[in-house]
Amino acid sequence: MKLTDVDFEFSNGFFTQRLSDLSDDEIDEVNRIAQAILDNKIFDCETKAVLAAFQIYLESQAETNEWLSDGKHHH
């Protein structure tokens, strides 16, 4: 499955990000996470794996940005 086969938008009070707006490198990272989800049989559906991977990717970016803005002192 290609990420272009599905699109998803994550939105919270601070920002909105569409899966289709990610760069090629970001898409590769989401694909790696999705493949790990499938390999570990967390989900057996490729679409669910991609959506979960996208959310995990965004949460990791948010945590990293918070850590950096806190002077690398965040948990």
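Determine which member of the set ALA62, ALA36, ALA53 is within 10 Å of the chain's Cα centre (by Cα), without any contact (Cβ under 8 Å) to a residue 24 or more places away in the chain and in a helix (DSSP H, G or I).
Working: ALA62 fails: within 10 Å of the chain's Cα centre (by Cα); ALA36 fails: within 10 Å of the chain's Cα centre (by Cα).
Exactly one of ALA62, ALA36, ALA53 is within 10 Å of the chain's Cα centre (by Cα), without any contact (Cβ under 8 Å) to a residue 24 or more places away in the chain and in a helix (DSSP H, G or I), namely ALA53.
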Practice item. Might you let me know whether the stretch 10-23 holds any residue that is at pLDDT 90 or above and surrounded by fewer than 12 Cβ atoms within 10 Å (Cβ to Cβ)? Key: yes
Check your understanding: Mind checking whether some residue in the stretch 39-48 is in a helix (DSSP H, G or I) and buried (at least 17 other Cβ atoms within 10 Å of the Cβ)?
Key -> no
**Study point:** Filter result for LEU68 (over 9 Å from the mean Cα position of the chain (by Cα) and modelled with pLDDT of 90 or more)
**Key:** no
Review point. Taking interchain pairs and intrachain pairs at least six residues apart, which have beta carbon atoms under 7 angstrom, with the first residue in the stretch 9-29 and at negative phi and without any contact (Cβ under 8 Å) to a residue 12 or more places away in the chain and the second β-branched (Val, Ile, Thr) and part of a strand (DSSP E or B)?
Key: GLU9/THR16
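The values are calculated or read from the model by the stated rules, or taken from the named source; none is laboratory data. Since the model is a prediction, treat every value here as computed from it, not as a measurement. Reconstructed Cβ throughout: ideal geometry from the backbone, glycine too, with neighbour counts over all protein chains shown.
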